[in-house]
Structure formats: structure tokens, C-alpha cells
Amino acid sequence: MTREEAKKRIEELRELINYHNYRYYVLNDPVISDAEYDELMRELKQLEEQFPEFITPDSPTQRVGAPPREEFGTIRHALPMLSLEDARNEQEIRDFDARIKRALGLPPDARIEYVAEPKYDGTSLEIIYENGRYRAAATRGDGITGEDVTPNARTIRTIPLRLLKNDRFPIPERVDVRGEVLMKKADFEALNREREKRGEPLFANPRNAAAGSLRQLDPNITAQRKLDFVAWGLGLVRGMEFRTQEEVLEALSAWGFKTSQPRRLCRGIEEVLEYYREMEERRDDFEYELDGIVVKVNDLSLWDRLGTTARSPRYAFAGKFKPREKTTRLIDVVYQVGRTGIITPVAVLEPVEVGGVIVSRATLHNFDEVRRKDIRIGDYVLVHRAGDVIPEIVKPIKERRTGNEKPIEPPTHCPVCGAPTVREGAYYKCVNIACPAKLKGMLKHMASRHALDIEGLGEKISQLLVDRGLVKDPADLFYLKKEDLLRLPGFAEKSTQNLLDQIEKAKRIPLSRFLFALGIPGVGSHTAKILAQHFETLDDLMKASETDLLSIPGIGPETARSIVTFFREPRNREVIQKFLKAGVTPLPEKRKEVKESPLAGKTVVFTGALKSMTREEAQRLVEDLGGHAASSVSRKTDFVVVGENPGSKYQKALQLGIKILTEEEFLKLVGRA
Ligand code: IVH
């Protein structure tokens, strides 16, 4: 690179880094991952090392964080709050060790004593204690001056307002305690769920949530957020001397702080590496997010000998874990059909390495989530992957939009079988009862207790029947032949006969259970019962229009549409015919004796509150007795039943001269009194 090129790139990098500092520190809303930020910083540092003539005091490499926000007062740190240099892998950790030994004039095989601690992914804070009393607290800010967050930090319960007295570590006249303000992963998730409900923007991760919560202008808000504080070191101390970092942590603990745990005293870098590997492996087991380990020379007299650079000390460094967040581009969306017919949108990503694994797909969960996060095709997105969890999209980077991004539309048809989809809450489902993607799940559902109740037809056997091609649609169950089953592994004479007997028994089935077994989206066993009370035969239901269905109490528009779409689908009608041909007989549940009932063919309207039953129960009773429960009064109404505090329907009934019944009269009429 020529001098000119280097100069240009340095300028570019500074501008970029300044912008990202602002997003991160001021807005608590970063638009690139930490790893990508570190990469920019590394490149800038390298160029400045190569061309030191271009270093300026205002270069981002010359300071630690962002300047304090104006709304807050400022506090000058008695000793600067530096940051740590990062080692990104085992080799870089060894390099740090070698550098320390060189600086101390020690041979390469010498073993330095280190304290290794978890590196908490939070936001750092300095708290000033005078004679053991909480005086003030400041964020790191730019390392020299921080924001005065004294009233906010006071609300954090793990920050002692008075240091605990103890014999081993008498309380110094002045001590500046440093540590990390944190939010537990579980509390972060709960906070985001709440914010989601209120339609507020979500925090990208626990660190942003902690920083955002601490830097509230109203400390009452800080108090409501569940923040924690873990102490990892000291700034200025007056009236006391420490010899080792271990001793410092013991003193902090004795004064009443949570300190970094589990930490380890390591002799030599090999023991540090062991700790590093163990911690990276266990990182999901901790209630706080960790992003690495911090390695500190234990002997404080060596700290003075090693000294610091402008940004960071030479006696400590961070061993970073593999980053779990990266940005990449969402190039397409595909749809996956689950065993229950739920269609999940899945983002196809430009492959990117996250946490040691190449990620090229991420779940988008459902369409409510896509809408809420406003994710579009073509967006740059922040991708998160933790442990064995499926990668997720944290948010789109709206700042990088070009205007050519396309919205993600819900699927109108199943990507596997082409059948129409219907909406069920946040989900879209395929209506085809014979969709290959859901066949195994469908069989399991059909066999379940509230459906056909076929004992012995569990997940394993369903799988076997489908895999061997014996069942291609759910009705095939009723065409299974003994000789076919006997050829399957694990099928003996007796168990085969048992299964066939169970299937035979399932043929005479109450209509409601048959409807539930069909797996119509939105039709659970309760709704199936409502339908079976209303329609005498399956045929009647199959002919019903959306309007007919909507007039039934308890059936909403989504379910009505789903039922009509389901029965309109030719493949479903075919399979239903196949069931019936095999001898499956859905038994009517609607009461037959309705002709003799006093309500047969009568239209009844209820108004006001009933004492002996709910409105829905009363309406069901009318329907059971062959009547029709309507919701408004007209000339066609035969009876208006008046409960307590009747509404305008009562007036209308009087006007039209319709027969009015009290609740007691109604109960007498239907033979319930
Ligand atoms: S010691 C000179 N110990 O990581 C700085 N820092 O980039 C000495 N951190 O600013 C820092 N856990 O906010 C130390 N156990 C730990 C830590 C820790 C998290 C943060 C801290 C610091 C940053 C280093």
C-alpha cells in the first residue's frame, strides 16, 4: 500500500469507527457485530503502526470509548479506565504470554502466575467509596471522563451503599471499585418480551440492555430493570496496599461485592489455555453472557514494571471466545412445512461464520415476528447463534437499505404439496390432509386419544408405515392388510391383530372426534364438539358456507375460513370419501328428538345476564333442542328470553309484540326447571 492509499484508508476507517462508536455508546444500538468492529479497529491500528506519521490525537485508536453524553454530568476518573487488548485464539494468547516474559526479561519457558477470570459481556462502571460509603458512580466514557450515573447505579442491589467491615481488609479511606453492570440472559429475554408487547424497540443483546438501562435519565427506570454488578478490579485506592490481583478480588468479596467467578489461579500459560477451553465450552451454562476470559498477571509489582500503552495495560489481556453475532445478507426466504402443517419462513443467508460454524440459514419463526422486526429480502441482518440453538436474526440493519429490499410475504400455497394455506394465529398452515410433509405427524395426531384413539399406533409405527409406503394418506390406515403388517420389523401375530382390532374399533366414531382427527387448522377438540352439535352429518358441515359457520357461537372468522378452505380442497374430499368407503362412520351427536321439542324450528334470542347458565350454554341448549339461537330480534323471532339488565333487544321485542320469557319460564319450557 502506498502512503497515499494508506492515508485515504486511515481516514475512511476513522470515519466508520466514529459512526459505530456513536451507534454503540450513545444510542446503545450497534449496527455491526463486535467482531466486525474489532476488525476495523485492528486494521486501523495496523496501518497507524506502519505509518505512524498519520496518527492524530483524535484517532479512535487514541481513546478508549465514546465521550460522555451531554445530558449527564461528568466525572473524571482518578486513574484512567483503560481497555484490554484482545487475543482471538490460542496462538494469540501464547503470543501475549511471550510478550510479557520478554518485557520482564524472563526466559521463554518461565511460568508467570496469572489470574484468569470470566470476561463479562456488560458495561463497565467505576464506583467511588469514601470511608466505606457510596459517593459516586461513573461509566467508562472515553476512559478519562465518564458519565455521572450516581443516582442510577445506586438502584442496583448488588452495589453496596456501605462496604462491609472485616478484619483482614480494613476499609480504605478512598477506594474506586471497578466492575461490570450486567443483565442476566433470562431477564434480558423477559424485558424484550415486555417491550415487544408494548411495541417498543427491542435490545439486541443483554449488554445493550444493561448499558441502556444504566444510562437512563430517569433513575426510576434503571431501578425497574433487573441489573447486577460484578466487581473485577480497583482504580484509585488511598490508605491501603495490595500485593496480588487475587488479594484484590478477596477484598472486594469481603466488602460485599459479587466478584468474577469461577476464576482460577494459573501457573503458566498452559493452565490459562486449559481454563480458556473449559470456559468456552461451558459458556452457555452461565446466567450471564460471557464473551471471553480476562487474564491478569497476579503479582501487582509486575504491573508497574510492565506499564501501559495509551489504550491498554501490558499486564492483562482478553482471550475472546468465537463471536456469536455477525452481519450478513438475507438473500431469500424459503418455507419449511413442519409435521403439524405449520409453515415456517426460513431466511437464506450469504454464508457467514458465527461461533465457529458456517451459518447459511436462520429461522424467522413466524410472520408476526417478520412483521414486527420488519425484515426484508435483501436486508443486511445481524445473526446470532448460541450453542446448539438454531441461528436467529436479531434485527435488520435498516441503515444499510438501498430501497430495493422486498417484503417477505406469507405463503398462499404449501411449498411441498401446493395446497392452499390458512392462517391460525401467528402461523400459516397447509390444509392438505395428505400433504407428504405432515403425513407422519398427521398419523400420530389421528391415533391420539381425543381423535380416533388407536392404541398402539405411536410415533415409531407411524414412521414405519409411511417409510415403507404402506400409508400414503391418512385413510390408508383403514386399508392395511395383515400380511403387509406381518412383514414389518417387530410385528408379531398378536400385536398385528391388536392393531387391526383397534383400527376396526375406530371406524364407529362420534362426529366430533372424526372432525378433530382430520386436523383442520383451528379446529381443536372443543371446536369440533361445537360443530358436531350444530351439524347432524359430515355432509352438512362440508356444504356449510363461511356465513353459515360464522352464525355458530364460538366459531370465529379465521376458523370459518379454515373449515371452508379445508373442505373445498379436492384432495381432502377424496381422502374423506376413502375413509367412508373403508367403513368409517362418523356418528351424529346432534340430538334427534328435536321434533317433539317445544323449541323445534323456533328462533330464540337472549338478552341480559342469565343466572343459571352462560349465554353460550343457553344458546347451545336451544340448538340441541332443534331451535335456532339468533343474536338480534326480528319479526321472525319466536321467543325473547330476558335475563338481568336486558338491553335494547327487550325494547324491540316489546315493540314487535314477540313472546317474552323470563329465565324461569324458559327453563320450564325446556324441561330444566
Ligand atoms: S479487567 C484495563 N476483568 O472488559 C482494563 N475487565 O476490554 C481492565 N470486563 O473494560 C479490565 N469482565 O468492561 C476486567 N473480569 C474482568 C472483566 C472485564 C469484563 C470488561 C471491562 C473492560 C473490558 C475490557
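The values are calculated or read from the model by the stated rules, or taken from the named source; none is laboratory data. Keep in mind it's a predicted model, so treat the numbers as computed, not measured. Here the Cβ positions follow ideal geometry from the backbone for every residue, glycine too, while neighbour counts run over all protein chains shown.
Which of the residues belonging to segment 239-258 are crowded, with 22+ Cβ neighbours inside 10 Å and within 18 Å of Asp304 (Cα to Cα)?
Gln245, Val248
Going through segment 243-279 one residue at a time, which ones are in contact with a Pro (Cβ under 8 Å, 6 or more places away or on another chain) and of a type outside the set (Lys, Arg)?
Start the filter on segment 243-279 by keeping residues that are in contact with a Pro (Cβ under 8 Å, 6 or more places away or on another chain), which leaves 255-257, 260-263, 279.
Hits for segment 243-279 are Trp255, Gly256, Phe257, Ser260, Gln261, Pro262, Met279.
Which residue out of Ala103, Ala98, Ala138, Ala110 is closer than 30 Å to Asn208 by Cα and either out of contact with any Ser or Thr (no Cβ under 6 Å at 6 or more places or on another chain) or crowded, with 21+ Cβ neighbours inside 10 Å (or both)? Even if it seems obvious, please write down each step before you answer.
Details: Ala103 fails: closer than 30 Å to Asn208 by Cα; Ala98 fails: closer than 30 Å to Asn208 by Cα; Ala110 fails: closer than 30 Å to Asn208 by Cα.
Just one listed residue meets the conditions, Ala138.
Given the conditions (1) in contact with a helix residue (DSSP H, G or I) (Cβ under 7 Å, 6 or more places away or on another chain); (2) surrounded by 15 or more Cβ atoms within 10 Å (Cβ to Cβ), and given that Glu287 satisfies all but one, which numbered condition is not satisfied?
Here Glu287 meets the rest and fails (2).
Restricting to helices (runs of 4 or more DSSP H) lying wholly in segment 559-673: which have 3 or more residues that are over 25 Å from Phe514 (Cα atoms), touching a strand residue (DSSP E or B) at 6+ places or on another chain (Cβ under 9 Å) and at pLDDT 90 or above? It would help to see each step written out before you state the result.
Working: elements: 570-581, 615-624, 648-656, 663-669.
Ranges flagged: 648-656, 663-669.
Within segment 119-134, can you find the residues that are more than 16 Å from the ligand (Cβ to nearest atom) and of a type in the set (Lys, Arg)?
Narrowing segment 119-134 to residues more than 16 Å from the ligand (Cβ to nearest atom): 128-134.
Of everything in segment 119-134, just one residue is more than 16 Å from the ligand (Cβ to nearest atom) and of a type in the set (Lys, Arg), namely Arg133.
Which of the residues spanning segment 220-235 are more than 15 Å from the ligand (Cβ to nearest atom) and either of a type in the set (Ser, Thr, Tyr) or surrounded by 15 or more Cβ atoms within 10 Å (Cβ to Cβ) (or both)?
Let us first name the residues in segment 220-235 that are more than 15 Å from the ligand (Cβ to nearest atom), namely 220-226.
Of everything in segment 220-235, those that are more than 15 Å from the ligand (Cβ to nearest atom) and either of a type in the set (Ser, Thr, Tyr) or surrounded by 15 or more Cβ atoms within 10 Å (Cβ to Cβ) (or both) turn out to be Thr222, Ala223, Arg225, Lys226.
Residues of segment 396-420 being more than 30 Å from Pro521 (Cβ to Cβ) and in contact (Cβ under 8 Å) with a residue 60 or more places away in the chain, which ones?
Ile397, Glu399, Arg400
All but one of (1) surrounded by 14 or more Cβ atoms within 10 Å (Cβ to Cβ); (2) hydrophobic (A, V, I, L, M, F, W, C); (3) over 23 Å from Tyr428 (Cα atoms) hold for Leu486, so report the exception by its number.
Evaluating Leu486 over (1) surrounded by 14 or more Cβ atoms within 10 Å (Cβ to Cβ); (2) hydrophobic (A, V, I, L, M, F, W, C); (3) over 23 Å from Tyr428 (Cα atoms) leaves (1) as the failure.
Name the single residue that is surrounded by the fewest Cβ atoms within 10 Å (Cβ to Cβ) among those in segment 5-50 being β-branched (Val, Ile, Thr) and assigned to a helix (DSSP H, G or I). Spell out the reasoning first.
Taking segment 5-50 and keeping what is β-branched (Val, Ile, Thr), we get 10, 17, 26, 31-32.
Then drop every residue that is not assigned to a helix (DSSP H, G or I), which leaves 10, 17, 26.
Details: Ile10: 21, Ile17: 18, Val26: 14.
Going through the qualifying residues, I end up with Val26.
Pick out the one residue from Val370, Val337, Val359, Val354 that is surrounded by 19 or more Cβ atoms within 10 Å (Cβ to Cβ) and over 27 Å from Lys438 (Cα atoms). Even if it seems obvious, please write down each step before you answer.
Working: Val370 fails: over 27 Å from Lys438 (Cα atoms); Val337 fails: over 27 Å from Lys438 (Cα atoms); Val359 fails: over 27 Å from Lys438 (Cα atoms).
Exactly one of Val370, Val337, Val359, Val354 is surrounded by 19 or more Cβ atoms within 10 Å (Cβ to Cβ) and over 27 Å from Lys438 (Cα atoms), namely Val354.
Check Gly146, Gly122 and return the single one that is under 14 Å from Arg178 (Cα atoms), in contact with a His (Cβ under 7 Å, 6 or more places away or on another chain) and crowded, with 16+ Cβ neighbours inside 10 Å.
On the way: Gly122 fails: in contact with a His (Cβ under 7 Å, 6 or more places away or on another chain).
Selected residue: Gly146, the only one of Gly146, Gly122 that is under 14 Å from Arg178 (Cα atoms), in contact with a His (Cβ under 7 Å, 6 or more places away or on another chain) and crowded, with 16+ Cβ neighbours inside 10 Å.
Quick one: in segment 236-261, of everything that is among the basic types (Lys, Arg) and assigned to a strand (DSSP E or B), which residue is farthest from the ligand (Cβ to nearest atom)?
To start, the set of residues in segment 236-261 that are among the basic types (Lys, Arg) comprises 238, 243, 258.
Next cut, assigned to a strand (DSSP E or B) only: 238, 258.
Working: Arg238: 20, Lys258: 12 Å.
Taking the candidates together, the pick is Arg238.
Determine which member of the set Ala137, Ala116 is within 16 Å of the ligand (Cβ to nearest atom), of a type in the set (A, V, I, L, M), closer than 29 Å to Ser301 by Cβ and within 36 Å of the chain's Cα centre (by Cα).
On the way: Ala137 fails: closer than 29 Å to Ser301 by Cβ.
Criteria check complete, one pass: Ala116.
When segment 380-435 is examined, which residues are found to be among the basic types (Lys, Arg) and assigned to a helix (DSSP H, G or I)? Step through it out loud before you land on a result.
At the first step, the residues of segment 380-435 found to be among the basic types (Lys, Arg) are 385, 395, 398, 400-401, 406, 423, 429.
Matches in segment 380-435: Lys398, Arg400.
Would you tally the residues in segment 172-211 being part of a helix (DSSP H, G or I) and away from the ligand (no atom under 16 Å from the Cβ)? Walk me through it before giving the result.
Step one: of segment 172-211, the residues part of a helix (DSSP H, G or I) are 185-197, 206-211.
Filter once more, keeping what is away from the ligand (no atom under 16 Å from the Cβ): 186-197.
Number satisfying all stated conditions: 12.
Among the residues of segment 34-47, are any in contact (Cβ under 8 Å) with a residue 40 or more places away in the chain, over 34 Å from the mean Cα position of the chain (by Cα) and away from the ligand (no atom under 16 Å from the Cβ)?
yes
Looking at this structure, is Val294 in contact with a Lys or Arg (Cβ under 6 Å, 6 or more places away or on another chain) and either free of Cβ contacts under 8 Å to residues at least 24 places away in the same chain or basic (Lys, Arg) (or both)? I'd like the intermediate steps shown before the answer.
Details: in contact with a Lys or Arg (Cβ under 6 Å, 6 or more places away or on another chain): yes; either free of Cβ contacts under 8 Å to residues at least 24 places away in the same chain or basic (Lys, Arg) (or both): no.
For Val294, the condition - in contact with a Lys or Arg (Cβ under 6 Å, 6 or more places away or on another chain) and either free of Cβ contacts under 8 Å to residues at least 24 places away in the same chain or basic (Lys, Arg) (or both) - is not met.
Thr327 - would you say it is among the hydroxyl-bearing types (Ser, Thr, Tyr), over 16 Å from the mean Cα position of the chain (by Cα) and within 18 Å of Ile32 (Cα to Cα)?
Details: among the hydroxyl-bearing types (Ser, Thr, Tyr): yes; over 16 Å from the mean Cα position of the chain (by Cα): yes; within 18 Å of Ile32 (Cα to Cα): yes.
The answer is yes for Thr327.
I need every pair where a residue in segment 511-530 that is among the charged types (D, E, K, R) has its Cβ under 8 Å from the Cβ of a residue that is surrounded by 21 or more Cβ atoms within 10 Å (Cβ to Cβ), sequence separation at least 6 or different chains.
Arg513/Ala451; Arg513/Leu452; Arg513/Ala528; Lys529/Ser512
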